[in-house]
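The next block holds one structure in the form of structure tokens; read it before the comments.
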Amino acid sequence: MGTASLSHEASADGATAFRVTRVVTDERPWARWLLIGVTVTFLSLFLVVPLAAVFAEAFRKGLGAYLASFRDPNALAAIRLTLLTAAIAVPANLVFGVAAAWCIAKFEFRGKSLLISLIDIPFAVSPVVSGLIYMLLFGMQGWFGPWLAERGIQVIFAVPGIVLATIFVTFPFVARELIPLMQEQGTEEEQAAVSLGASGWQTFRRVTLPNIKWALLYGVILSNARAMGEFGAVSVVSGHIRGKTNTMPLHVEILYNEYNFVAAFAVASLLALLALATLVLKTLVEWQMQRQVTEALELREET
Amino acid sequence: MRFALKRHSVLPGFGLTLGYTLLYLSLIVLLPLSALFFKSAELSMAEFWSTVTNPRVVASYKLTFGASLIAATINAVFGFAVAWTLVRYRFPGRRLLDAIVDLPFALPTAVSGIALTAIYSQHGWIGQYLEPWGVKVAFTPLGITLALTFIGLPFVVRTLQPALQDLDRETEEAAAILGANRFQTFTRVIIPVVLPALLTGFALAFARAIGEYGSVVFISGNMPMRTEIASLLIISKLEQHDTAGATAIALVMLLSSFVLLAAINGLQWYAGRRHHGLS
């Protein structure tokens, strides 16, 4: 038992990890270093190299050419459209996620597990099919397309279609983060607030929201990254009209297919920066959530 | 009757939130998805069959499912090594590597696509060293597999990590004390416990790869019969205004991902039951 506890302490403390002699549940040093080597090589080759390539290609002809790519009005229009799409899709799914998590986590009713499965559906639908189903509804051969066209409303090959497809692909993110967390937290605190005379909105804002804020933020970060980066679904419904219905990823595609590589990678570098910011924020929020869990555990032990 | 559908609670807002959830879910997800089923029902059985068994379509299914299967297998092997290393060992840069595993989730697929194409093309950073060996990656099925491996990696690692963290070291010690060497402990004690997580990760990576579009279209070259994936075929049918044809192919893909999803749920249910049975 002595060796086992030693290994446990050692692995918890990075500094002393390699000074400890081998215990029965550790691999031999050569196996350990081989595995670390494989991991570092595989992740560098597969993840770091592509990321580095985006920036290397973007700056291939120097900073001037890079910056010139953003003077193109079509690039600016694409950036604006991407921001607009995310600004509509993310709050829409945020409201839905909170509403869905409230009724699912705080109440017992029949058909709940079916409802949870239905919310997860968009994750099982491939991006291209996600775009296609909106074509079937609002396209000229679709159910509502001709009716809307008579009234001068265009959904497909226009901004509303792009927003709808984006909402679809980011649909479950917030709900999925909130539901398990709120189920775990139970209803005791909210019941206490209501019995002390708080209104429903007050209960939510003062009691529930502080408990779920990090998970909420986590869901928002993930859905924002997907909303800004979605390609397949948006590609189907956009129509690729320059300066009008091209989001940033679609603009990257057009520039790339025109062999305008510097400009394509320049716009792509902004999306890569977004991805890096997403990873950093996500990691920070994960640490916060872990801290909250440990604090809650410590509090429980004290009482 | 109302009482039977919902257990009584003092908390407010049930009607409002459930109503909104159902309305939003129906408008955004259920109604559009049902359009796919109704639209394909407009096709006669013979038309549907001839569309989905057209040689070009069958070639794209074979490519999509084959490349996805290989990519998910590569991810199961390397993803296991990555998850094991990140959970068990402490080394400089571990937290950074751990954070960067999610890059394929965070990086827009179109960006991954052009970056991978740039690296593995004839004059690219890695492609130039493969070229003399006669290994062509860009614009071949190999490139497609590579892109699908890229986007599937986080699924395996992130599903395995919690399972490996929960592993009971004492069981491993017991195995060692009873005379098992490290390899035997690994294959007889560790693998059986984490197998459901590994299979779930594999299935998730596989499912994601089947529907993947953005990261593949650039590196695949999109040659009919050779490097044309099913998602792309749907898009080209749509561009030819063949909505019915696109719908038929989409339905096949949708049903196969639902089957996979059901398999994943079954696995998790099985793993959960086994877990409870043990403790």
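Bear in mind that the values in this text are calculations on the coordinates, not laboratory data. Note that the coordinates shown come from a computational prediction; the quantities given were computed from them, not determined experimentally. No Cβ is skipped: glycine too gets one built from the backbone with ideal geometry, and neighbour counts run over all protein chains shown.
Points worth noting:
- Counting neighbouring beta carbons within 10 Å and listing from fewest to most, the residues A:E258, B:E228, B:E173 come out as A:E258, B:E173, B:E228.
- Charging the Cβ of each Asp and Glu at -1 and of each Lys and Arg at +1, and nothing else, the dipole of segment B:43-278 about its Cα centre rounds to 360 debye.
- Computed helical MRE - 222 nm, the protein assembly as shown, DSSP H runs ≥ 4 contributing -39500 (n - 2.57), nearest 500: -23500 deg cm²/dmol
- Radius of gyration and Dmax over the Cα atoms of segment A:154-303, both given in Å: 20.9, 66
- Other protein chain Cβ atoms within 10 Å, averaged over every residue that makes up A:110-118: 2
- Mean-position separation - Cα centroids, segment A:105-180 and segment A:276-303, in angstrom: 32 Å
- With the convex hull drawn around the C-alpha atoms of segment B:43-278, the volume per residue stands at 159 Å³.
- For A:K244, the lysines whose Cα falls under 25 Å of its own Cα, not counting residues fewer than eight places away in the same chain, are B:K237.
- For chain B, modelled as a GNM whose springs connect Cα atoms under 10 angstrom apart, the maximal fluctuation among B:I229, B:I177, B:I190 occurs at B:I177.
- The mean number of Cβ atoms from other chains found within 10 Å of a Cβ in peptide A:193-206 is 2, as a whole number.
- Quotient of C-alpha Rg and 2.2 N^0.38 Å, computed over segment B:92-214: 1.37
- Evaluated at q = 0.16, 0.21, 0.31 Å⁻¹, a Debye calculation over the C-alpha positions of segment B:36-95 (equal weights, vacuum) places log10 I(q)/I(0) at -0.69, -0.88, -1.11.
- What the Cα convex hull of chain A gives, in volume per residue, is 221 Å³.
- Sorted by Cβ density within 10 Å, fewest first, the residues A:F231, A:F46: A:F46, A:F231
- For segment A:225-278, the Rg and Dmax computed from alpha carbons only, in angstrom: 11.0, 30
- Each part gets one Cα centre, and for segment B:27-65 versus segment A:229-271 those centres are 27 Å apart.
- Within the straight-line cut-off of under 26 Å between alpha carbons, the lysines reachable from B:K136 are B:K62, sequence neighbours fewer than 8 places apart in one chain being disregarded.
- Among the trypsin sites (Lys or Arg not before Pro) within segment A:216-303, not one is in coil by DSSP while having at most 12 neighbouring Cβ atoms inside 10 Å.
- Mean partner shielding of peptide B:226-233, defined as the number of other chain Cβ atoms within 10 Å of each residue Cβ, is 2.
- Unit Cα scatterers, Debye sum, the protein assembly as shown: log10 I(q)/I(0) for q = 0.07, 0.11, 0.12 Å⁻¹: -0.46, -1.14, -1.32
- Taking the centroid of alpha carbons for each part, segment B:117-141 and segment B:145-213 are 31 Å apart.
- Here the relative contact order of chain A, from alpha carbon pairs under 8 Å that lie six or more residues apart, stands at 26 percent.
- Choice from B:S68, B:S236, B:S257 showing the highest fluctuation, given a GNM over chain B with Cα pairs closer than 10 Å: B:S236
- Semi-axes of the equivalent ellipsoid for segment A:205-252, computed as √(5λ) from the eigenvalues of its C-alpha gyration tensor and ordered from largest down, come to 34, 9, 8 Å.
- For A:I121, A:I241, the sequence from fewest to most other C-beta atoms within 10 Å is A:I241, A:I121.
- Chain B: most fluctuating residue of B:L25, B:L199, B:L232 per GNM, C-alpha cutoff 10 Å: B:L25
- Mean Kyte hydropathy of -1.0 or more with a Cα span along the axis of at least 24 Å, helices from DSSP in chain A: A:73-106, A:209-229, A:261-302
- Those trypsin sites (Lys or Arg not before Pro) in segment B:6-66 that DSSP places in a loop and that have at most 11 other beta carbons within 10 Å: B:R7
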